[in-house]
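Coordinate-derived values only; no laboratory data. Source: prediction; values computed, not measured. Neighbour counts run over all protein chains shown; Cβ positions are idealised from the backbone, glycine included.
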Amino acid sequence: LEVERTEFVPESRRLRVSGVIRDGLDPGLHHSLNVETGYEISVIRQWRRSDLARIDRAVKASLYDAIHIIALEEGEAEICRVRQYGPERITTMTQGSGKTRGENTRQALFENLYLFLLQITGPIVIAGPGFIKEEFVTYIRSRDPDLLARMAIVDTQRSGYGAIQQAIGDGVLERVAEDLQLAHEVRAADEVFKRIARDDPVSYGTEEVQRAVAFGAVEEVIVADSAIRRPEISSLMEEAEAMNAKVLVLSTEFEPGKRIEGLGGIAALLRYKIA
């Protein structure tokens with residue numbers, strides 16, 4: 001199959017690959033494949049170092065159980081599973097619903113959350129503002145010390161899904177599973193926008209980054225995955241790698257990638273300013 005288009009569907013964890021049949025039955029006709037976890041496929045193409053690095057990170061990350069982040073605040077717990085492409089919302093628990101109405105609602109929330117966490121085998125991060133996190137930890141300590149050993153606590157200024165994003169940006173993923181790349185992606189995008197705001201050495205957009213590469217000033221190129229199929233972007237990535245610059249590809253399924261996408265799909269952190 002000569003691939004013309006790919007589409008990843010996070011909800012079904014499926015990669016849809018479409019293209020033209022070149023070898024086998026019905027050559028010349030268009031066909032689509034749905035690739036799922038566990039499928040064995042062969043891919044023939046010219047690989048960039050950044051492509052191989054992403055594959056290597058994904059393989060290493062798959063050796064770990066998924067990390068779950070719980071944004072806990074008074075009356076609510078939002079639960080996300082961290083994937084390679086970003087946080088995936090699982091469920092939201094609220095206190096005082098159903099049969100729990102009329103009971104000690106905070107304890108009811110703790111109990112329901114604890115029962116849910118019993119189903120999780122990997123690391124767990126509890127994030128959010130205030131002291132309710134510590135109260136939940138005290139509750140777990142009395143109920144299940146083994147579960148407590150897999151938990152990390154992160155204080156955030158934001159709540160809800162914002163607490164999850166802040167926890168990732170503050171480096172919690174690297175502390176609990178260093179092979180996950182998501183935290184680095186958040187900080188890389190943040191660094192681009194900080195440098196833009198401070199007028200520090202940075203370029204963004206195809207023309208500006210091309211100029212920086214020509215000057216040999218690029219330290220790291222940051223690309224949105226939606227842009228890597230554009231010939232001019234692909235060429236820039238190869239030129240940067242040839243100059244030993246780092247190349248980081250960000251998923252547009254998550255906020256950092258979308259932010260870089262808004263800058264034209266590519267940005268570069270520079271060693272020095274160029275005139």
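Per-residue answers, yes or no, for (1) within 26 Å of residue 6 (Cα to Cα); (2) surrounded by fewer than 23 Cβ atoms within 10 Å (Cβ to Cβ); (3) out of contact with any Leu (no Cβ under 9 Å at 6 or more places or on another chain):
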residue: 172; (1), (2), (3): no, no, yes
residue: 196; (1), (2), (3): no, yes, no
residue: 226; (1), (2), (3): yes, yes, yes
residue: 235; (1), (2), (3): yes, yes, yes
residue: 263; (1), (2), (3): yes, yes, yes
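The criterion of at least 1 residues that are under 14 Å from residue 50 (Cα atoms) is met, among helices (runs of 4 or more DSSP H) falling completely within the stretch 185-274, by 231-242.
Could you give every pair whose Cβ atoms fall below 6 Å, whose first residue belongs to the stretch 102-122 and is under 15 Å from residue 142 (Cα atoms), and whose second residue is assigned to a helix (DSSP H, G or I), counting only separations of at least 6 or pairs across chains? Here the result reads 110/136; 110/139, each pair linking the stretch 102-122 to a residue that is assigned to a helix (DSSP H, G or I). Residues in the stretch 2-47 that are touching a residue at least 60 places away in the same chain (Cβ under 8 Å) and touching a Pro at 6+ places or on another chain (Cβ under 9 Å): none.
Scanning the stretch 218-275 for residues that are touching a Gly at 6+ places or on another chain (Cβ under 8 Å) and acidic (Asp, Glu) yields 225, 253, 255.
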